[in-house]
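A short write-up of the structure that comes next.
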Amino acid sequence: QKEVEQDPGPLSVPEGAIVSLNCTYSNSAFQYFMWYRQYSRKGPELLMYTYSSGNKEDGRFTAQVDKSSKYISLFIRDSQPSDSATYLCAIHSGGYQKVTFGIGTKLQVIP
Amino acid sequence: NAGVTQTPKFQVLKTGQSMTLQCAQDMNHNSMYWYRQDPGMGLRLIYYSASEGTTDKGEVPNGYNVSRLNKREFSLRLESAAPSQTSVYFCASRDYNEQFFGPGTRLTVL
C-alpha cells in the first residue's frame, strides 16, 4: 500500500464551481499536511499547510484534515481558470522527516 | 531573493554520457533535496542533504551521485546516463515546514 494515495484526475470543472481534492494516507504518525500547486512546466509551490486535524482557510482555499479517517482535502471555492494546475498533497511526521508526496491531481477550470 | 535556482533548464544527452545538474539556494536552509518527477509516478526523492557535509539516499538513488558543495549548493551527477533517467528533475530546500522548489531541469536521454 502506498503511503499517500491521490486520484490523478484529470478533473474538469466550470468556472465558479467548488472543487474538492482529496488524499488518503496510511501512516498514523503523519502530523503535518500540505498542499502544493504546480503549474505546467513549473516547480511546485506551497499553497496550504496544516498541523494535525481540523480546518484551515486562506481566501478561496480551505484545507481539511481528518486524522481519524486518514483523509485530507483541499476545497477551492469560486474556482477560476487561473486555478488550472496540478495539486499535490504532501505529508510528514515532523522535524526534518522525509516529505511524502501524492501523485498529484490535474485540475482544469473551464471559462 | 532568487530562492532556489537550477541549471540547466533543458538538456539532451546520449546514453552513456555524464552530466551534473546544479542547484543553489539563497534562503540559508540547512536541508536540500533532489527529486525526479515522471508521469504517473509523482515526485520521487533521489538524494537529500540534511545539513552541509551530509548526504543520504532517497527512494531512487541508483545511477546518481550528489555533492553538497557548501550550504548553498547541492549538485546531482549522472555518471552514465540511461534512457530511464529521462525525467524532470527538481531541487528543493527546506525550512522546518515548507519545501521550496526550483524551476526544474528537463532531461532527455536518447
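The values are calculated or read from the model by the stated rules, or taken from the named source; none is laboratory data. All values derive from a computational prediction rather than experimental measurement. Neighbour counts run over all protein chains shown; Cβ positions are idealised from the backbone, glycine included. For accessibility, only protein heavy atoms count, side chains too; no ligands or nucleic acids. Shrake-Rupley method; radii C 1.70, N 1.55, O 1.52, S 1.80 Å.
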Neighbours by Cβ (under 8 Å, 6+ apart or cross-chain): first from the stretch A:91-111, farther than 26 Å from A:Arg77 by Cα and more than 7 Å from chain B (Cβ to nearest Cβ); second open to solvent by 10 Å² or more (accessible area, probe 1.4 Å) and among the basic types (Lys, Arg): A:His92/A:Lys98
Strands (runs of 3 or more DSSP E) lying entirely in the stretch B:1-52 (those with 2 or more residues that are surrounded by 13 or more Cβ atoms within 10 Å (Cβ to Cβ) and not hydrophobic (A, V, I, L, M, F, W, C)): B:4-7, B:19-25, B:31-38, B:42-49
B:Val66 vs. criteria open to solvent by 20 Å² or more (accessible area, probe 1.4 Å), aliphatic (A, V, I, L, M) and at pLDDT 95 or above: yes
Output for the stretch A:32-50, where each listed residue is more than 9 Å from chain B (Cβ to nearest Cβ) and in a strand (DSSP E or B): A:Phe33, A:Trp35, A:Arg37, A:Leu47, A:Met48, A:Thr50
Per-region count, the stretch A:1-31, residues over 17 Å from A:Ile110 (Cβ atoms), at pLDDT 90 or above and within 14 Å of another protein chain (Cβ to nearest Cβ): 5
Output for the stretch A:66-90, where each listed residue is away from every other protein chain (no Cβ under 14 Å) and either part of a helix (DSSP H, G or I) or open to solvent by less than 10 Å² (accessible area, probe 1.4 Å) (or both): A:Ile72, A:Ser73, A:Leu74, A:Ile76, A:Ser79, A:Pro81, A:Ser82, A:Asp83
Answer from A:Val109, A:Val13 - the residue that is open to solvent by less than 10 Å² (accessible area, probe 1.4 Å) and more than 30 Å from B:Asn30 (Cα to Cα): A:Val109
The stretch B:78-88 - residue that is surrounded by fewer than 14 Cβ atoms within 10 Å (Cβ to Cβ) and modelled with pLDDT of 95 or more and, of those, farthest from A:Val4 (Cα to Cα): B:Ser80
Some residue of the stretch A:51-61 being hydroxyl-bearing (Ser, Thr, Tyr), open to solvent by less than 40 Å² (accessible area, probe 1.4 Å) and in a strand (DSSP E or B): no
Options B:Phe74, B:Phe90: the member that is assigned to a strand (DSSP E or B) and facing chain A (nearest Cβ under 9 Å): B:Phe90
Candidate set from the stretch A:91-106 (those that are open to solvent by 10 Å² or more (accessible area, probe 1.4 Å) and in contact with a Ser or Thr (Cβ under 6 Å, 6 or more places away or on another chain)); member that is farthest from A:Lys67 (Cα to Cα): A:Lys106
Count - residues of the stretch B:20-59 that are under 12 Å from the mean Cα position of the chain (by Cα) and aliphatic (A, V, I, L, M): 6
Residues that are among the charged types (D, E, K, R) and without any contact (Cβ under 8 Å) to a residue 60 or more places away in the chain, drawn from the stretch A:71-90: A:Arg77
Filtered residues of the stretch B:48-61 (kept if away from chain A (no Cβ under 12 Å) and in contact (Cβ under 8 Å) with a residue 24 or more places away in the chain): B:Val60
Candidate set from the stretch A:26-50 (those that are free of Cβ contacts under 8 Å to residues at least 60 places away in the same chain and over 26 Å from B:Gln6 (Cα atoms)); member that is surrounded by the most Cβ atoms within 10 Å (Cβ to Cβ): A:Phe33
